[in-house]
Amino acid sequence: MKFLSYFALTIILFSLSSKDNLSVAQEANYDLASRFSRHKIENMVYSTQVIPNWFKESDRFWYTYSTSEGQKYYLVDPVKKSKREIFDNAKLAARLTEIVKDPFDAQNLPIARLVLKGDSVFAFHVVSTAKNEEIDTLTGKPKPGIKMHGFEYDFENDILKEIDNFKFPKMYPVWASVSPDKNHAVVSMGFNLYMMSGDDYEKAKMDPYDSTITYNQITFDGKADFAYGPGTADLYATDKDAKEKNRPDIVWSPNSKHFAIIRTDNSRVKDMWVVNSLAKPRPELQTYKYHMPGEKEAPKRYLYLYNVDDSLWTLVKTDRFKDQNLEIHQVPKSPKISFDEIKHDVWLGSDEFFLLTRTSRDHKRVDLCRVEVDADSVQVLIEERFNTYIETRTPVVFNDNIIWWSERDGWAHLYRYDFNGNFRNKITNGDYHVDEMTAVDTSRNRIYYIANGVDKKINPYYSHTYSIGIDGSDLKVINAGNFDNKTYIIDNGVYSVNNYSTVDSAPKSNLTDRNGNVIMELEVADLSQLFNMGYRFPEKFNVKAADGKTNLYGVMYKPFDFDSTKSYPIIEYVYPGPHTEEVNTSWSNKMDMRDRLAQIGFIVITVGNRGGHPSRSKWYHNYGYRNLRDYGLEDKKYVIEQLAAKHNYIDKERVGIHGHSGGGFMTAAALLKYPDFFKVGVASAGNHENQIYNRWWGEQHHGVEEVISAKGDTTFNFNVSTTTEIASRLKGNLLLVTGDIDNNVHPANTYRLARALINSNKRFDIFVMPGQRHSYGQLNEYFFWLTADYFSEHLLGNMQESVDIKEILND
């Protein structure tokens, strides 16, 4: 009998230590896995993408890119098709060394917070090891701390200038929402709203505690569970938190004369609790609002409109569906906004109206509404109705057009309406998925958007950017190729920086124009140090789903010392969807369970399943509707059977499965649904009991039944299959893991499954991460080795026995 414990945990459960069905005993290769910890990779792989910082008055941009040679700074002019270094690193290092009196070199430039000023000068500062020499005017003594030197660099004329009496640049306070004309700022305090002048907001930038700042209260009835700003619906808000300044979720009219806010009444929503045993000096009970599927005590949302000139509030009538959700659409933030500027939240529409989405609780009805600033009710422009759940995107508004995203024909496409909701035309067509709109060229009436599956010859999960006329003509691809793409596009779509790769190719970056022509190659990620340590790319594969016709796409991770003459256990790293699938499509230096776990001595795979990723047809995405527990399991099993039949090195008698969150839920369900196939599982932070998980997940993806009585009363029925119902089917080795203060998937999900297993007289393992929420933070490395131990013991027949995890100690 074996016991798992952590610190002084008192949860002790039986462990199954049988090694039956281990046809081959192999040595677990802990050393190979330890070479690729996150900490070590940070010193082997540096930049993997180009993120442009666009100039305000031109289409130029600058970016930084790091390699083993150090960090370099580049200036790109798309018009001139030129790229050059902003600094001569060696020359700048020598200059800074002379001024700061600390030694620097070209590979180790101390530049901090580089900011472009006026499209011609860069400002930055350098931290010195010397003590601060500035005198405090109150005490007459030097201020504590180290000295900072400020600089401005005229990159056109190569002139470096030190700024006299440099002080660390002040950032605008993030706790206020500022009007577009900068004349007003609104802040939440004590659950109510206060307005301050633009001048006072500038004072707050210099000193947030300036006693001369005036805050004019404009609401008086806010309270913790019905707040205008953050309240107890936000996790762990206390009276002390309420007194702090917070940024309210208000949205301004373009002319700054009005703002709108959705105020949520959470007074009926029931409380949830976790206990932070590590809190000091005493363990702490943390209370928060949490709405579970089917519960009648739902939040209620209200739309308010405020007239700044008249200081008048209007409660806008929005009721149509019981327990409906409301969302005010906003104008996307320009990519030309730098981090030190004010970011205004502006509603989508005009000075006279804005657009609002209203969604029914069962997610089967969606209205796009127009809200006039001088009206007390909304006008429905577009109605969406479906038998499964409806999803939406932020529409695009320009000239007299509303571009609306919809899956009404089974694929996500763009539709064009006027401001009164009159249909004009369908813009995109075909059996492919439009994901989101990214830019608009108003002068050419063109939309830029990201889509999947347009080119049938490549992986449908690869994202590409396209442009099209609003009449549906002249479709163009901006970044063609058999790659997955991450694109940064300028406001009008004239230029874009494209970062592209696959799981088995190094990331590259280029600059393209509006027609998809490559202007220049920018960077190629340097993976040489990684390969020197033995790294090998994973392999892509395609298989069929259990229906024999649906294509599934996956990735196989092998040990870097792979030997095809050996037989390896296989582990499936899973996430069921429906909002995503844990299948990488591009290369990343964030090596995780997939890459590293394979190095212990396993074949690790990730693969999609029907009902998974939304970037395919709506049929594929909604396959699991009304079957939230089991819908993906048959495909996961059948994939391994296909791969084992094809590859002799895969031992289908030694099958493991692991996932986190929804993947943890799927892991436990797989061991219970197919107990003779899946032999070992590590189920981490799983929502095993979806009736006690949050409302949006279960009610949207599984479905909730709206019932209206003869009297007109509306209730919601939620029925879902859970893993605890089939706990008695367990045959293999199961490790359950949870954070003890997980406020997303409450630990009760894990404990209820544990109790069901105990009631069925099953041996299993459980591990609690003290002081951890849904992700394990600094304990992630510990969790990796815990998982490695479990699979090593039960799939390979051996594991590290020492008390110390030397791989962490030596990292």
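The values are calculated or read from the model by the stated rules, or taken from the named source; none is laboratory data. For clarity, every value in this text was computed on a predicted model and none was experimentally measured. Here the Cβ positions follow ideal geometry from the backbone for every residue, glycine too, while neighbour counts run over all protein chains shown. We work out accessible area using only protein heavy atoms, side chains counted, and drop any ligands, DNA or RNA first. Shrake-Rupley method; radii C 1.70, N 1.55, O 1.52, S 1.80 Å.
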Subject >> Any pair with Cβ under 7 angstrom, 6 or more apart, that starts in the stretch 153-177 at a residue that is closer than 21 Å to Phe87 by Cα and ends at one that is in a loop (DSSP other than H, G, I, E, B) and of a type outside the set (Ser, Thr, Tyr) >> reply: Phe155/Ile86
Subject >> Subset of the stretch 738-784 (residues that are acidic (Asp, Glu) and either without any contact (Cβ under 8 Å) to a residue 24 or more places away in the chain or over 24 Å from Leu671 (Cα atoms) (or both)) >> reply: Glu781
Original post:
Restricting attention to the stretch 314-333, which residues are exposed (fewer than 13 other Cβ atoms within 10 Å of the Cβ) and over 25 Å from Trp696 (Cα atoms)?
Top reply: Leu315, Lys333
Original post:
Restricted to the stretch 738-764, and to residues that are open to solvent by less than 10 Å² (accessible area, probe 1.4 Å), in contact with a helix residue (DSSP H, G or I) (Cβ under 7 Å, 6 or more places away or on another chain) and of a type outside the set (Phe, Trp, Tyr), which residue is nearest to His688 (Cα to Cα)?
Top reply: Leu753
**OP:** Please work out which residue is surrounded by the most Cβ atoms within 10 Å (Cβ to Cβ), limiting yourself to the stretch 53-77 and to residues that are of a type outside the set (Ser, Thr, Tyr) and in contact with a Ser or Thr (Cβ under 9 Å, 6 or more places away or on another chain).
**Re:** Val76
Original post:
Given the conditions (1) under 19 Å from Arg393 (Cα atoms); (2) open to solvent by less than 20 Å² (accessible area, probe 1.4 Å), which single one is not true for Asp491?
Top reply: (2)
Original post:
Does at least one position in the stretch 520-529 carry a residue that is farther than 21 Å from Trp404 by Cα and small (Gly, Ala, Ser)?
Top reply: yes
Original post:
Does the stretch 666-676 include one or more residues that are over 22 Å from Thr787 (Cβ atoms) and either open to solvent by 10 Å² or more (accessible area, probe 1.4 Å) or of a type in the set (Gly, Ala, Ser) (or both)?
Top reply: yes
Original post:
How many residues does the stretch 440-488 contain that are in contact with a Gly (Cβ under 7 Å, 6 or more places away or on another chain) and over 27 Å from Phe398 (Cβ atoms)?
Top reply: 1
Original post:
What are the residues in the stretch 317-338 that are without any contact (Cβ under 8 Å) to a residue 12 or more places away in the chain, more than 24 Å from Ala375 (Cβ to Cβ) and of a type outside the set (Val, Ile, Thr), if any?
Top reply: Lys333
Subject >> Lone unmet requirement of (1) at pLDDT 95 or above; (2) over 23 Å from the mean Cα position of the chain (by Cα) for Arg773 >> reply: (2)
Subject >> Test result for Tyr462, under 21 Å from Pro52 (Cβ atoms), surrounded by 17 or more Cβ atoms within 10 Å (Cβ to Cβ) and among the hydroxyl-bearing types (Ser, Thr, Tyr) >> reply: no
Original post:
Are there any pairs with C-beta distances below 6 angstrom linking a residue in the stretch 529-542 that is under 16 Å from Leu32 (Cβ atoms) to a residue that is modelled with pLDDT of 95 or more and hydroxyl-bearing (Ser, Thr, Tyr), with the two at least 6 apart or on different chains, and if so which?
Top reply: Pro538/Tyr557
Subject >> the stretch 100-121: number of residues that are surrounded by 14 or more Cβ atoms within 10 Å (Cβ to Cβ) and in contact (Cβ under 8 Å) with a residue 60 or more places away in the chain >> reply: 2
**OP:** Kindly establish whether Asn401 is among the polar types (S, T, N, Q) and either surrounded by fewer than 20 Cβ atoms within 10 Å (Cβ to Cβ) or touching a Cys at 6+ places or on another chain (Cβ under 8 Å) (or both).
**Re:** no
**OP:** Please give the strands (runs of 3 or more DSSP E) falling wholly within the stretch 316-379 in which 2 or more residues are polar (S, T, N, Q) and closer than 28 Å to Ala176 by Cβ.
**Re:** none
**OP:** For residues that are open to solvent by less than 10 Å² (accessible area, probe 1.4 Å) and polar (S, T, N, Q), tally how many sit in the stretch 354-369.
**Re:** 2
**OP:** State the number of residues belonging to the stretch 334-349 that are open to solvent by less than 30 Å² (accessible area, probe 1.4 Å) and of a type in the set (Ser, Thr, Tyr).
**Re:** 0
Original post:
Which one of these does Gly681 not meet: (1) touching a residue at least 60 places away in the same chain (Cβ under 8 Å); (2) in contact with a strand residue (DSSP E or B) (Cβ under 6 Å, 6 or more places away or on another chain); (3) buried (at least 19 other Cβ atoms within 10 Å of the Cβ)?
Top reply: (1)
Original post:
In the stretch 25-52, what residues are open to solvent by 50 Å² or more (accessible area, probe 1.4 Å) and modelled with pLDDT of 50 or more?
Top reply: Glu27, Asp31, Arg35, Arg38, His39, Lys40, Glu42, Asn43, Tyr46, Gln49, Ile51
Original post:
Checking Leu671 against (1) in contact with a Ser or Thr (Cβ under 7 Å, 6 or more places away or on another chain); (2) in a helix (DSSP H, G or I), which test does it fail?
Top reply: (1)
Original post:
of a type outside the set (S, T, N, Q), open to solvent by 40 Å² or more (accessible area, probe 1.4 Å), without any contact (Cβ under 8 Å) to a residue 40 or more places away in the chain and out of contact with any strand residue (DSSP E or B) (no Cβ under 9 Å at 6 or more places or on another chain), is that true of Asp811?
Top reply: no
**OP:** Restricting attention to the stretch 254-300, report how many residues are under 30 Å from Met195 (Cα atoms), over 26 Å from the mean Cα position of the chain (by Cα) and either in a strand (DSSP E or B) or touching a residue at least 60 places away in the same chain (Cβ under 8 Å) (or both).
**Re:** 9
